[in-house]
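The values are calculated or read from the model by the stated rules, or taken from the named source; none is laboratory data. Everything numeric in this text was worked out from a predicted model, so none of it was measured. All Cβ positions, glycine included, derive from the backbone under ideal geometry; neighbour counts span all protein chains shown.
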Amino acid sequence: MSQAVLDKLKARFGAAILETHSDFGDDTALVDAKQWRAIGEFLRQDPACEFDLPVDLCGVDYPRRLPRMEVVLHLYSTTRRHRVRLKARVGDEDMEGAELDSLVAVWPGLNWLEREVYDMSGVRFRGHPDLRRILMYPEFVGHPLQKTYPAQRTQPLVPYRTEDEAGVPLEKQAPFGPDEGMPFGRRALPRSEES
């Protein structure tokens, strides 16, 4: 059924649909970034499509390819019970031009997802009502899901507050050990200590 959606997109948008494929039941259209919003509106409003549920939005970095960043949107129709994946490629090697039109007006649920892609991958969404970081703090430098982001980079770049500056006890803890927070390396509690 989703193949019919791909055919409809090709008929309606022609050359703006750069390629399509249907591998393993995943029907995907790579679209011209300039038509991102128009294609989203069509998929939401067309009675044969009725994509009313944006499932996910993410950025995938391919630093050796131009355009570098691929923005991937997964859509589902709760009434028609079909799904489609849209992709658009944006940005040069320095992420200049990594912009797409916001789809928040089409699917309000994409608000936080667009903010996450901006925060983690560096893609800007034109017309977004509140485009600011959502996972990292405002002073964070860089976008951690770009493959060129240095893995050993020291953050935060903002000095820690002292208890005097904060006005409350901060009760700072020592840094985590190398195996803390991981499922391996933990020991099970003896039965007498379990509650």
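For the reader, a short list of remarks on this structure follows.
- Lone unmet requirement of (1) crowded, with 16+ Cβ neighbours inside 10 Å; (2) assigned to a strand (DSSP E or B) for Leu9: (2)
- Residue count for segment 38-76 satisfying the condition of being within 23 Å of Lys8 (Cα to Cα), touching a strand residue (DSSP E or B) at 6+ places or on another chain (Cβ under 7 Å) and either outside any strand (DSSP E or B) or β-branched (Val, Ile, Thr) (or both): 6.
- Taking the criterion of being among the aromatic types (Phe, Trp, Tyr) and in contact (Cβ under 8 Å) with a residue 24 or more places away in the chain, the only residue of segment 101-117 that qualifies is Trp107.
- Residue within segment 60-71 that is within 22 Å of the chain's Cα centre (by Cα), closer than 23 Å to Pro108 by Cα, free of Cβ contacts under 8 Å to residues at least 24 places away in the same chain and crowded, with 17+ Cβ neighbours inside 10 Å present: yes
- If you go through segment 1-37 and pick out every residue that is in contact with a His (Cβ under 7 Å, 6 or more places away or on another chain) and touching a residue at least 60 places away in the same chain (Cβ under 8 Å), you end up with 3.
- Of all the criteria given as (1) farther than 30 Å from Ile134 by Cβ; (2) crowded, with 19+ Cβ neighbours inside 10 Å, the one not satisfied by His21 is (2).
- Check on Thr148, part of a loop (DSSP other than H, G, I, E, B), modelled with pLDDT under 95 and closer than 30 Å to Ala16 by Cβ: yes
- Test: residue in segment 161-173 that is modelled with pLDDT under 65 and touching a helix residue (DSSP H, G or I) at 6+ places or on another chain (Cβ under 8 Å): yes
- Exclusive hit being farther than 21 Å from Val117 by Cα and not aromatic (Phe, Trp, Tyr), set Arg64, Arg37, Arg81, Arg68: Arg81
- A residue that is modelled with pLDDT of 95 or more, on the phi < 0 side of the Ramachandran plot and outside any strand (DSSP E or B) can be found somewhere in segment 15-28.
- Strands (runs of 3 or more DSSP E) (entirely within segment 78-134) containing at least 2 residues that are of a type in the set (A, V, I, L, M, F, W, C) and buried (at least 18 other Cβ atoms within 10 Å of the Cβ): 83-90
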